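> Got a structure for you, written out below as structure tokens; questions coming shortly.
The values are calculated or read from the model by the stated rules, or taken from the named source; none is laboratory data. Just so it is clear, the structure is predicted and the values come from calculations on it, not from any experiment. Positions of Cβ are backbone-derived with ideal geometry, glycine not excepted, and every protein chain shown enters the neighbour counts.
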Amino acid sequence: MEQFLIEALQQYGYIILFFWSVLEGELGLVMAGTMIHTGHMDMFPAIFIAGLGGFFGDQIYFYIGRYNKKLIHNYLHRHRRKFAIAHLLLKKYGWPVIFIQRYLYGLRTVIPMSIGLTRYDSRKFAVINFISAQIWAAITIILSYIFGKQILMIIEYGKEHWYIAIPIAIVLFWGTMYTFKRIEENIIKKREERHADRNNAKSTGRD
């Protein structure tokens, strides 16, 4: 199975990288960086294709928000907290949010949809999205290439000592989830406090 996976990656690596970048992200880019390190992929095609995949993925989410509001109604209701955070970030920081959203766990799909729900210019979004996707791909793949030896050592250690690697991975995953959950709660709390202060100021002004 392992040999089959390695051969598939070597033969169809760029195709897999493209679709992986559309659907997910960093893990596929790390894979590409390590394959460049071992000589099975080339740097510049890998960066361009990964960036292209990330670009197409966000364009899809943007147009879902723009033209399929009924389709995402239930999704919007279930993730209303994240949509509120995305709206706050967009309102506060503007277009740079398109850059930073790729590094915001849990908001990768929500932010393009949120932007699509607004009247944000689609051409401007596409240009910024393309540039940010290429930068994101370049940073992640180059770092993975530089630290390719260390990444391969970690993978090999994980295969041999899976009973240690799995608990560590679970702890890291839940730790990341908890951290971002707290960040979300703090953003929402600050928003509620600002609204409360404004309402109090208005009430005082009427008195």
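> Looking at TYR120, is it more than 14 Å from the chain's Cα centre (by Cα) and hydroxyl-bearing (Ser, Thr, Tyr)?
Here the answer is yes, as TYR120 does meet what is asked.
> Kindly indicate which of ALA137, ALA86 is of a type in the set (Gly, Ala, Ser) and closer than 27 Å to MET35 by Cβ.
Residue meeting the stated conditions: ALA137.
> So, ILE141, is that one modelled with pLDDT of 90 or more, among the β-branched types (Val, Ile, Thr), in contact with a Gly (Cβ under 9 Å, 6 or more places away or on another chain) and in a helix (DSSP H, G or I) or not?
Spelling it out, ILE141 is indeed modelled with pLDDT of 90 or more, among the β-branched types (Val, Ile, Thr), in contact with a Gly (Cβ under 9 Å, 6 or more places away or on another chain) and in a helix (DSSP H, G or I).
> Need at least 1 residues that are within 12 Å of the chain's Cα centre (by Cα), crowded, with 21+ Cβ neighbours inside 10 Å and among the polar types (S, T, N, Q) per element, so show me which helices (runs of 4 or more DSSP H) inside the stretch 46-114 make the cut, counting only ones lying wholly within it.
Filter on the stretch 46-114 gives an empty set.
> Sticking with this one: Test of understanding: among GLY175, GLY94, which residue is free of Cβ contacts under 8 Å to residues at least 12 places away in the same chain and not assigned by TED's automatic domain parsing to the domain that holds VAL22?
None of the others qualify; the one that does is GLY175.
> Within the stretch 98-127, can you find the residues that are out of contact with any Pro (no Cβ under 9 Å at 6 or more places or on another chain), closer than 18 Å to ILE64 by Cβ and among the aliphatic types (A, V, I, L, M)?
Selection gives LEU107, VAL110, ILE111, MET113, ILE115, LEU117, ALA126.
> Between a first residue in the stretch 103-126 that is in the same structural domain as TYR61 (by TED's automatic domain parsing) and small (Gly, Ala, Ser) and a second residue that is surrounded by fewer than 18 Cβ atoms within 10 Å (Cβ to Cβ) and part of a helix (DSSP H, G or I), which pairs have beta carbons less than 7 Å apart while being 6 or more apart in sequence or on different chains?
From residues that are in the same structural domain as TYR61 (by TED's automatic domain parsing) and small (Gly, Ala, Ser), the pairs are GLY106/PHE180; SER114/HIS87; GLY116/TYR63.
> Out of (1) under 16 Å from GLY28 (Cα atoms); (2) touching a helix residue (DSSP H, G or I) at 6+ places or on another chain (Cβ under 7 Å), what's the single condition that is false for PHE147?
(2)
> So, in the stretch 115-155, exactly how many residues are surrounded by fewer than 16 Cβ atoms within 10 Å (Cβ to Cβ) and closer than 21 Å to ALA169 by Cα?
Of the residues in the stretch 115-155, 7 are surrounded by fewer than 16 Cβ atoms within 10 Å (Cβ to Cβ) and closer than 21 Å to ALA169 by Cα.
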